[in-house]
Amino acid sequence: MPPVRAVVLRLGHRPERDKRVTTHVGLVARAFGAEEMLLCGRDAHVEESLDDVAMRWGGDFRLTVDASWKGEMVRWKERGGGVVHLTMYGSNLPDVIDEIRRSKEIMVVVGAEKVPAEVYELADWNVAVGNQPHSEVAALAVFLDRLFQGEELVREFEGGLKIVPSPRGKEVLYPENGLDEEEGGRDKEEGGDKEKGEEEDGDGGGALPGAEAGLLLWR
Ligand code: SAM
């Protein structure tokens with residue numbers, strides 16, 4: 001893993017409408033190399049979905065709920081970490097990423113709707129992933145990828161299912177003494193937040209024509 005440490009602070013989660021986006025913020029945080037998501041508030045759906053992914057897919061990603069955004073930002077800075085707030089109004093990413101990378105511990109703050117003005121003041125960097133409105137999920141993915149310079153994409157997650165990269169079909173290795181096929185694999189949707197009518201794993205569903213899914217033992 002890259003030497004930089006990153007945690008993600010999710011601000012302004014509204015349980016009645018942000019379940020899916022906040023779950024995806026957590027999934028992206030985990031998959032793109034952050035070690036923790038701090039959620040301001042709590043939501044059983046988000047917690048269960050992320051726990052489930054961590055259990056099946058391994059690694060040591062943590063979710064902390066009921067975080068106080070101000071307390072977390074202030075303590076992080078007091079301990080010497082840098083705080084990046086992702087906002088379309090900020091400095092554009094390519095102009096500041098080299099400077100940000102010099103800080104070895106980064107908290108990345110992502111909002112939902114309106115972010116308190118104090119967040120802009122407390123942040124060491126207000127950073128735009130392009131100065132156009134889009135999404136916290138996309139902004140976080142691009143930011144973490146630039147922070148870790150792509151190294152996060154080849155990271156191993158210990159103790160869970162492993163995918164064997166394959167040009168066609170699906171090959172999955174199961175931990176020897178862990179999840180069985182039903183618990184861990186092909187019959188379960190990823191992210192735990194599938195909506196009615198969606199495909200099982202969001203990739204068009206089922207094995208590709210002519211491709212056999214290999215079920216191998218991970219030793
Ligand atoms: N007015 C918001 C802003 O300041 O970016 C857009 C709200 S958007 C629905 C929710 C979150 O997505 C924002 O709080 C921000 O973290 C992120 N976001 C959206 N567009 C972005 C961009 N171009 N660059 C960085 N972050 C962005």
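Computed from the coordinates by the stated procedures, all read-outs in this text should not be read as laboratory data. These numbers come from a predicted model, not from an experiment. Note that we place each Cβ from the backbone using ideal geometry, even for glycine, and neighbour counts take in every protein chain shown.
Taking a ≥ b ≥ c as the square roots of the Cα gyration tensor eigenvalues, with a/c under 1.5 meaning rounded and otherwise prolate when a/b beats b/c, else oblate, which class fits region 5-154?
rounded
What order do you get for Leu153, Leu161, Leu147 when you list them from fewest to most C-beta neighbours inside 10 Å?
By the 10 Å Cβ count, ascending: Leu153, Leu161, Leu147.
Give, in nm to one decimal, the length gained when the segment between Ala44 and Arg79 is fully stretched (0.36 nm per residue of separation minus the Cα-Cα distance).
Extra length available between Ala44 and Arg79 comes to 9.6 nm.
For Ile163 paired with Arg17, estimate the spin-label separation in nm (one decimal), with each label point 7 Å from Cα along the Cα-to-Cβ line.
Going by the 7 Å Cα→Cβ label model, 3.1 nm.
Using the Karplus curve 6.51 cos²θ - 1.76 cosθ + 1.60 with θ = phi - 60°, work out ³J(HN,Hα) for each residue of region 114-126 in order, rounded to whole Hz, and write x for Gly and Pro.
After applying 6.51 cos²θ - 1.76 cosθ + 1.60, I find 9, 9, x, 4, 4, 4, 5, 6, 6, 5, 6, 9, 9 Hz.
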